[in-house]
Every structure is written in structure tokens, then in C-alpha cells.
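One structure below.
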Amino acid sequence: MTDDHAAIRELIAGYALALDAGEIEACVQLFTPDAEVNVYGRSFARHGGLRKMFADAPYGLHLTGVSRIDVHDDTATARSQVLFVRTGDHQLRPALYDDELVRDGGQWRFRRRRCQFITSHGLSDRPEVASS
């Protein structure tokens, strides 16, 4: 594992920890100013859109799993596992993050992040809802 791989794993972990702690500005700073996030079938762009997305996000715990990271000079891609445990009802939402990353001022940052949920029908932009 290279230093770049380790730094990208720290970025992925830092995102989950900051989001779970409600540290919205810390989350925003992990992204480039022109970043875009796609989740729940919606797109959120730039730092202003990300702040709103993080403020409106459901509370819970993001348990990160393995990541496959490919580095190409000052850009990289990553695919990571995450299991989201929603606060209150403890609903589980397994997902994959697909990331495009850039080295910005010596720091790795997210440029694009897409979350797809793992459902019984394959990957989906929306989580599976258990029937009652």
C-alpha cells in the first residue's frame, strides 16, 4: 500500500466519522469546491449543496468496509463498502460508494461521490424498504 492509498483510506474514514458526529463543515472541507454527490437519486453540487445535504441527512452510523483504490498521479478512483445504521429504528442500509478523487494542495479530496444501495435486486439509487 502506498502513502496515497493510506491517505485516501483516511479521507474515506474521516468522511464517515465527521458525518456521524454531525460535523458538517468538516465534511464539506473533504470535497473540492466544484464537487458533486449523488445519493437517493438526487444530485448535490458545490459546497453550498453539500452543506444542505449533510444538514438534512438522517442520523446514524456509517460503518466503512473495504475499499479498492486506483491512483493515477494526482487523480484516483475508489469503490468502498459502507453499512449505514439509521438512528432510532436501527434500519440497515448496505451500500457502495464510487468516488473520483483529486490531490488538491497536497490533500486528497472528493470530486465526485456516488452512493448506490445494495438491494435484493442489485444496486439501486434508493435503499430497499422492508415490508411490514
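Between Val102 and Leu123, what is the label-to-label distance in nm when each label sits 7 Å out along the Cα-to-Cβ direction?
2.3 nm
Which residues in region 88-115 have a backbone N closer than 15 Å to a point placed 7 Å from the Cα of Asp74 along the Cα-to-Cβ line?
Output list for this probe position: 101-111.
Quick one: if you stick a label point 7 Å off each Cα along the C-beta vector at Gln29 and Arg46, how many nm between them?
Distance between label points: 2.1 nm.
Per residue of the chain, what 222 nm ellipticity follows from adding -39500 (n - 2.57) for every DSSP H run with n ≥ 4, rounded to the nearest 500?
-8000 deg cm²/dmol
Stokes-Einstein at 25 °C, 0.890 mPa s, Kirkwood radius from Cα pairs: D for region 3-124 in µm² s⁻¹?
Values: Rh = 14.6 Å.
Answer, rounded: 168 µm²/s.
Debye calculation, C-alpha points only, no solvent: report log10 I(q)/I(0) for region 2-74 at q = 0.11 Å⁻¹, in the same order as the q values.
At q = 0.11 Å⁻¹ the computed log10 ratios are -0.30.
How tilted is helix 46-56 with respect to the longest principal axis of the chain? Cα atoms for both, answer in degrees (0 to 90, nearest 10).
Helix 46-56 and the main axis of the chain meet at about 30 degrees.
The numbers here are math on the coordinates, done by the rules we state, and not lab data. The shown structure was predicted, so the numbers you read here are calculated from the model rather than taken from an experiment. Every residue, glycine among them, receives a Cβ derived from its backbone with ideal geometry; neighbour counts consider all protein chains shown.
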